[in-house]
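The values are calculated or read from the model by the stated rules, or taken from the named source; none is laboratory data. What you see is a predicted model, and the numbers here were worked out from it, not measured in a lab. Counting neighbours? That spans all protein chains shown, and the Cβs are built from the backbone with ideal geometry, glycine included.
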Amino acid sequence: MSILSVKQVSKTYQSGSRKLTVLDEVNFDIQAGDTIAIVGPSGSGKTTLLGLCAGLDSASTGSVSLNGQSMENLSEDQRADIRSKFVGFIFQNFQLLPTLTALENVMVPLELKKRKDAKQKALELLTKVGLGNRATHYPTQLSGGEQQRVSIARAFANEPKILFADEPTGNLDTETGEMIEKLIFDLNKEQGTTLVLVTHDLELAKKTNRIIHIKGGKIQEDTYA
Ligand code: ADP
């Protein structure tokens with residue numbers, strides 16, 4: 001069974017009287033344990049596609065199934081419930097909650113799951129990403145690379161079967177980018193987590209086992225390593 005199945009997916013946005021087609025009948029299937037890079041020019045629909053795959057948004061037409069569960073006709077609450085069960089998402093701009101410390105940000109998904117060991121587990125995850133000594137810092141007191149690592153720890157807290165990451169190494173220096181890359185690929189190696197990465201970094205894309213090239217909302221190329 002595919003862990004992610006995208007069938008005839010289109011997405012249109014209404015811009016005044018104009019309809020903008022951002023994704024146009026996109027089809028692909030991803031098997032559990034795979035590592036995939038979605039590449040393509042800016043504005044080609046990569047972020048929109050990632051959001052639809054992760055259940056953050058819904059398609060205009062077509063269907064997305066995650067772990068065999070169709071994401072169509074679901075309320076936001078129902079999609080959030082599916083996401084909390086097995087999806088991790090790393091956002092381009094981190095999306096940490098500014099009023100919470102690093103530790104509290106990582107605790108959010110654990111508390112949603114009513115884990116009694118939320119604090120201890122969150123601290124373990126922060127330590128794993130090298131930030132055990134930044135637990136009480138607020139996002140504004142952290143560098144970009146540190147914020148990205150907190151967001152990775154938060155995504156890992158969900159123990160995701162599938163991890164989506166939007167430009168995970170974008171805007172970071174080479175050393176921090178390499179560290180983040182290792183954390184993400186180690187999750188795949190150690191726990192078999194499926195990775196779906198949007199990236200403009202071709203070196204990062206080459207480390208995955210499949211590259212989906214998207215242009216103008218359509219798949220141009222779908223190649224396996
Ligand atoms: P990429 O990630 O490849 O740069 P995006 O998926 O972010 O592309 O955007 C694709 C196109 O959709 C862009 O032209 C963008 O302006 C447009 N777009 C994205 N989100 C919205 C939205 N919420 N409303 C209207 N247009 C949008």
Considering the stretch 24-34, residues that are away from the ligand (no atom under 15 Å from the Cβ) and part of a strand (DSSP E or B), and then whichever is farthest from Lys207 (Cα to Cα), we arrive at Glu25
Matching residues in the stretch 64-73 (under 23 Å from Ala165 (Cβ atoms) and either among the polar types (S, T, N, Q) or surrounded by 15 or more Cβ atoms within 10 Å (Cβ to Cβ) (or both)) number 6
In the stretch 191-222, anything of a type in the set (Asp, Glu) and at pLDDT below 95 is listed as Asp201, Glu203
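Are any of the residues in the stretch 126-149 under 19 Å from Leu50 (Cα atoms) and not charged (D, E, K, R)? Steps first, answer last, please.
Filtering the stretch 126-149 for residues under 19 Å from Leu50 (Cα atoms) gives 148.
Right, trim to not charged (D, E, K, R) and you get 148.
Yes.
Taking the residues in the stretch 1-23 that are of a type in the set (A, V, I, L, M) and within 12 Å of the ligand (Cβ to nearest atom) as candidates, determine which candidate is nearest to Cys53 (Cα to Cα). Even if it seems obvious, please write down each step before you answer.
Residues of the stretch 1-23 that are of a type in the set (A, V, I, L, M), as a first pass: 1, 3-4, 6, 9, 20, 22-23.
Cutting the leftovers down to within 12 Å of the ligand (Cβ to nearest atom) gives us 20, 22-23.
Numbers: Leu20: 20, Val22: 14, Leu23: 12 Å.
Among them, the one singled out is Leu23.
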Of the residues in the stretch 35-57, those that are in contact with a helix residue (DSSP H, G or I) (Cβ under 9 Å, 6 or more places away or on another chain) and either free of Cβ contacts under 8 Å to residues at least 24 places away in the same chain or more than 8 Å from the ligand (Cβ to nearest atom) (or both) come to Thr35, Ala37, Ile38, Val39, Ala54, Gly55, Leu56, Asp57
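Identify all residues within the stretch 210-225 that are surrounded by fewer than 14 Cβ atoms within 10 Å (Cβ to Cβ) and not hydroxyl-bearing (Ser, Thr, Tyr); write none if there are none. Reasoning before the result, please.
First, pick out the residues of the stretch 210-225 that are surrounded by fewer than 14 Cβ atoms within 10 Å (Cβ to Cβ): 220-225.
Scanning the stretch 210-225 gives Gln220, Glu221, Asp222, Ala225.
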Residue check: is Thr21 part of a strand (DSSP E or B), out of contact with any Pro (no Cβ under 9 Å at 6 or more places or on another chain) and among the β-branched types (Val, Ile, Thr)?
yes
The lone condition Asp57 fails out of (1) within 16 Å of the chain's Cα centre (by Cα); (2) closer than 25 Å to Gly192 by Cβ; (3) among the charged types (D, E, K, R) is (2)
Picked from the stretch 189-210 (must be within 16 Å of the ligand (Cβ to nearest atom) and in contact with a Leu (Cβ under 9 Å, 6 or more places away or on another chain)), the residue farthest from Ile3 (Cα to Cα) is Leu204
